[in-house]
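Read through the structure below, which is laid out as structure tokens, and then see the notes.
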């Protein structure tokens, strides 16, 4: 089994395997992939999109403006909560009704949602990335 296959096997068995995600992030960083530090920050901050399946299955990111409306979902929303400046850099998605989603960034695929957040992290100013990574290291 190749390292990539082993990684995928571990994540298929437990999608919230933070150790596997951190190993993946480190591999991306080593390869110069722009998602690498974003995956590292998501992992250390223990962030992942929330799963909604009311209209269609969606993986959703939240920010401080909209998360309170979904507080009844508890920890799931807390883990999907990104700082506003980071959240604002993720491209808006089309809502199930055909419009643009205003209250959450929605993706139909878990990995696409993670990739979008990781790539948005790379667009933050270097000082802000350093700040978020140091916060996550202190709490992680």
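For the reader, a short list of remarks on this structure follows.
- For the chain, the longest principal axis of the C-alpha atoms and the axis of helix 18-30 are separated by about 70°.
- In degrees, nearest ten, helix 110-123 long axis to first principal axis of the chain (Cα): 80
- On Cα atoms only, tilt of 3-13 relative to the major axis of the chain in degrees: 40
- At q = 0.10, 0.13, 0.18 Å⁻¹ the log10 of I(q)/I(0) for the chain amounts to -0.33, -0.55, -1.05, computed by Debye summation with a single uniform scatterer per C-alpha, solvent ignored.
- For the chain, averaging the sequence separation of C-alpha pairs within contact (under 8 Å, six or more residues apart) and dividing by the residue count gives a relative contact order of 25 percent.
- Computed label-point distance, nm, for sites residue 89 and residue 127 using a 7 Å Cα→Cβ extension: 1.5
- Projecting label points 7 angstrom from Cα along Cα→Cβ for residue 79 and residue 16 puts them 0.3 nm apart.
- Each stretch of four or more DSSP H residues adds -39500 (n - 2.57); spread over every residue of the chain, this sum gives -14500 deg cm²/dmol at 222 nm.
- When each of 14, 88 is scored by the number of other beta-carbon atoms lying within 10 Å, the sequence from fewest to most is 14, 88.
- Going by neighbour counts of Cβ atoms within 10 Å, the residues 61, 86 line up, fewest first, as 86, 61.
Readers should treat all values here as calculations from the given coordinates under stated rules, not as data from a laboratory. Treat the numbers as computed from the prediction; the structure is a model and nothing was measured. Glycine also receives a Cβ, built like all others from the backbone with ideal geometry; neighbour counts cover every protein chain displayed.
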